[in-house]
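Heads up, the thing below is written out as structure tokens.
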Amino acid sequence: MSNPEFHPGLADVPAAESAVSFIDGKRARLEYRGIAVETLAKDSFFEESAWLLLKGVLPRQKELADFDHGLIKERTIHFRLLDALKCLPESGHPMSALQAGTAALAMFHPMPDVHNAQANWEAVIRLIAKLPTIVAAFHRLRQGHEAIPPREDLGHAANFYYMLFGKEPSPAVTKVLDACLVLHAEHTMNASTFSARVTGSTLANPYTVIASAIGTLTGPLHGGANEEVLDMLDEIGAPEKAKSWLDDAVATKKKIMGFGHRVYKVKDPRASVLQDLAEKVFAETSKPVCYLTATSLEAAAIPVLGPKGIYPNVDFYSGSVYQNLGIPKDLFTPIFAIARVVGWLSHWLEQIGNNRIYRPEQIYIGQRDQHYVPLEQRP
Ligand code: COA
């Protein structure tokens, strides 16, 4: 039998049938269960969009109220998990703390099998509810402060902000943060979602599934890019330096962080929504240098990279927004994770609903039929 064709990065190879989200990369279209993400970022909110992704339809009032109630009740974390977070080094990356904390949830909530729909739904609620608490608690602890317990009277986004800073966000800040969560909640078969599906296909428990996905999101080619965008903007230093920095980067074949996408060959629709949000946030203050540098870098890059289908992606403007909200750079990817957990769980439910373990092929390129040479006879 001849070898099947190899597609590096599995580009263009379908890895699942899915009804969760849809992308048209040429038309800048992203839909969650058929609804445009721009509409959801504007008219919906995180909890409602989460239900939509998980269940496939918008919730009725009672369903949403019960879902909200369940999330609020599950926000607290066990004191032993908090103790475990206290033992982690303050200098460690919060994504590693989040991955460790999420993996530890499996020990507090053992799930010997994943064929019980009610138990699975409880795990879904627990994971969505507890991830923000783990991130905020680790952030407080590493600064030498006590963790702030969650509040029951705040929505998901506002409560996360409160647990980080100990103060309630304004309605404008709440809307921006909430819209960021909606925009990051799901994105078809990206690396971390694939990772979740692969782990899920072994019938591993959902905490382990999500811990796998969190690990995959960490890398700079995936979720970690948003931090690197701010490093790059800091390195450029000023809007007027963007053009010469870009020329140099293109000449030395350096990648522009926050640009390019496997699927989008036009500007990522989420980048456009985030830029609008950034403009609104900055309307109340002055525009920060990093944002002005980003817009000037985009203007300089489009004529050079645009013809190759390389445009700003979701990470290009998210950092400028988060930084303006006072959120430290190394929490950008954990925030991505507390949103994306919804997409991962939607895919997990889909995967185990019609499961076959992932076991792809490889194309062997190594040697065959070699002799074993005893150690003392080796040259
Ligand atoms: N800046 C400059 N050139 C880029 C680029 C970028 N951000 N992204 C891709 N390219 C170029 C590559 O150099 C390559 O050029 P070549 O064919 O001349 O070698 C070509 O476009 C294809 O790039 P490749 O990395 O193979 O595409 P991919 O589909 O495998 O990767 C990304 C997609 C997202 C990983 C890639 O665009 C990237 O690394 N972007 C920067 C990191 C980032 O923003 N990630 C967040 C994604 S949401």
Report task. Have a look at Asn355, Met232, Val124 and report the one farthest towards the positive end of the charge dipole of the chain, computed about the Cα centre with Cβ charges (Lys/Arg +1, Asp/Glu -1). Result -> Asn355
Query raised in the report: By how many nm would the segment from Glu122 to Ser170 grow when fully extended, if each residue of separation counts as 0.36 nm and the alpha-carbon distance is taken off?
Result: 14.2 nm
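Compute the accessible area per residue over segment 83-163, keeping the other protein chains in place, probe 1.4 Å, unit Å².
On the way: 3500 Å² over 81 residues.
Per residue, segment 83-163 has an accessible area of 43 Å².
For the full complex of protein chains and a 1.4 angstrom probe, list Glu17, Glu228, Glu186 by accessible area with the highest value first.
Working: Glu17 165, Glu228 70, Glu186 0 Å².
Listed by decreasing accessible area, they come as Glu17, Glu228, Glu186.
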Query raised in the report: Where a Cα-Cα gap under 17 Å defines reach, which lysines qualify for Lys253, not counting those fewer than 8 residues away within the same chain?
Result: Lys243, Lys308
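About the Cα centre of the chain, how large is the charge dipole given +1 on each Lys and Arg Cβ and -1 on each Asp and Glu Cβ? Please answer in debye to the nearest 20.
Numbers: 38 positive and 42 negative charges, 57 e Å.
Taking the Cα centre of the chain as origin, the dipole is about 280 debye.
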Requested in this report: If a/c stays under 1.5 just call it rounded; otherwise compare a/b with b/c (prolate if a/b is bigger, oblate if not). Do that for the chain, with a ≥ b ≥ c from the square roots of the Cα gyration tensor eigenvalues.
Outcome: rounded
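Just subtract the alpha-carbon distance of Glu279 and Ala36 from 0.36 nm times their residue separation and send over the number in nm, one decimal. Before the final figure, lay out the partial values.
Working: separation 243, 0.36 × 243 = 87.48 nm, distance 2.11 nm.
Between Glu279 and Ala36, full extension yields 85.4 nm more.
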Query - Two-site FRET efficiency, Phe22 against Leu58, from Cβ-Cβ distance with R₀ of 25 Å, rounded to 0.05 - result: 0.95
Report task. With only Lys, Arg, Asp and Glu charged, each at its Cβ (+1 for the first two, -1 for the last two), find how big the charge dipole of segment 225-324 is about the Cα centre; round to the nearest 20 debye. Result -> 480
Query raised in the report: Of all accessible surface on segment 165-242 at a 1.4 Å probe, what whole percent is carbon and sulfur?
Result: 59
**Report entry** For segment 173-264, size of Cβ-based charge dipole, Lys and Arg +1, Asp and Glu -1, in debye
**Finding:** 360
Requested in this report: Using only the Cα atoms of segment 192-250, build the gyration tensor, take square roots of its eigenvalues as a ≥ b ≥ c, and label the shape rounded, prolate or oblate: rounded if a/c is under 1.5, else prolate if a/b is larger than b/c, else oblate.
Outcome: prolate
Report summary line: Checked segment 91-141 with the C-alpha gyration tensor, a ≥ b ≥ c its square-rooted eigenvalues, rounded below a/c of 1.5, otherwise prolate if a/b is larger than b/c and oblate if not; verdict prolate
Report summary line: Ranking Pro149, Ile210, Phe67 by how far each Cα lies towards the positive end of the charge dipole of the chain (+1 on Lys and Arg Cβ, -1 on Asp and Glu Cβ), the top one is Ile210
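Under the definition of Cα pairs under 8 Å and six or more residues apart, what whole-number percent is the relative contact order of the chain? Each step should come with its number before you reach the end.
On the way: 527 pairs, mean separation 86.5, N = 379.
Contact order relative to length: 23 percent.
Pairs Lys42/Lys254; Lys42/Lys265; Lys241/Lys267; Lys254/Lys280: which exceed 28 Å Cα-Cα? Let's see the in-between values first.
Working: Lys42/Lys254 35 Å; Lys42/Lys265 24 Å; Lys241/Lys267 23 Å; Lys254/Lys280 32 Å.
Over 28 Å apart, Cα to Cα: Lys42/Lys254; Lys254/Lys280.
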Requested in this report: Determine the calculated [θ] at 222 nm for the chain from helices alone, applying -39500 (n - 2.57) to every DSSP H run no shorter than 4 residues and normalising by the residue count; nearest 500 deg cm²/dmol.
Outcome: -18000 deg cm²/dmol
Report summary line: Two pseudo-spin positions, 7 Å from Cα along C-beta at Leu325 and at Lys243, lie apart in nanometres by 3.5
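The values are calculated or read from the model by the stated rules, or taken from the named source; none is laboratory data. These numbers come from a predicted model, not from an experiment. Positions of Cβ are generated from backbone atoms using ideal geometry, with glycine treated the same way; all protein chains shown enter the neighbour counts. Note: areas computed on protein heavy atoms with side chains; ligands, DNA, RNA excluded. Shrake-Rupley method; radii C 1.70, N 1.55, O 1.52, S 1.80 Å.
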